[in-house]
Amino acid sequence: MTETETGSVPSKIERIWQVCQLIPEGRVVSYGQLADLAGLPGRARLAGTALKSTPKELTLPWHRVITASGKLAFAPGSEQFELQQLRLRQEGVLVNNGRVKMREFAWQPDLAELLWQLPY
DNA sequence: AACGTGACGGAAT
DNA sequence: AATTCCGCCACGT
């Protein structure tokens, strides 16, 4: 726990958590988009790091985040892969061979609306 | 403080 | 369409 995490200014990872929280049901975003929306262009990997380190008291719709090519990031058949696929399907997202058509399901947020919702 | 790792991405092959 | 390569940089050891 660092200073910035306890203070009022959210750390980079906390901003990623915040934006993740805004992804609507039935839509997906790529790690890169998530980073962009959090004000961290080019930091797709950090988005992955952030989700990986989500504290368990915090429940995020992490299953709505997939790779830019539309694939689930987990190994096919793994525990997490199956869970993510199940959750996505439960909210109407079509997943075929571990892949989602970004053309159809990508979240396209209105930036003005997004800024309005962020708590800072 | 140095070093390897990785829930990524995009360009090249 | 599938792989390989390499830039990116926060984290844990």
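Summary of values
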item: Apportionment of accessible area to carbon and sulfur, region A:3-105, percent (1.4 Å); result: 52
item: 1.4 Å probe accessible area per residue over region A:3-105, in Å²; result: 58
item: Dipole of region A:3-105, positive direction: furthest Cα of A:Trp17, A:Thr54, A:Thr67, with charges on the beta-carbon; result: A:Thr67
item: Dipole magnitude of region A:42-120, debye to nearest 20 (Cβ charges: Lys/Arg +1, Asp/Glu -1, about Cα centre); result: 320
item: Pairwise label distance in nanometres, A:Gln117 with A:Leu86, each label 7 Å out on the Cα-Cβ vector; result: 2.6
item: Lysine-lysine proximity count for chain A, Cα under 22 Å, sequence distance 8 or more or distinct chains; result: 4
item: Mean Cα-pair separation over length for chain A, i.e. relative contact order, pairs under 8 Å, 6 or more apart, %; result: 26
item: Inter-label distance for A:Thr49 and A:Glu79, nm, one decimal - labels placed 7 Å from Cα along Cα-to-Cβ; result: 2.5
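The values are calculated or read from the model by the stated rules, or taken from the named source; none is laboratory data. These numbers come from a predicted model, not from an experiment. No Cβ is skipped: glycine too gets one built from the backbone with ideal geometry, and neighbour counts run over all protein chains shown. Heads up: the accessible areas ignore ligands, DNA and RNA and are worked out on the full protein's heavy atoms, side chains in. Shrake-Rupley method; radii C 1.70, N 1.55, O 1.52, S 1.80 Å.
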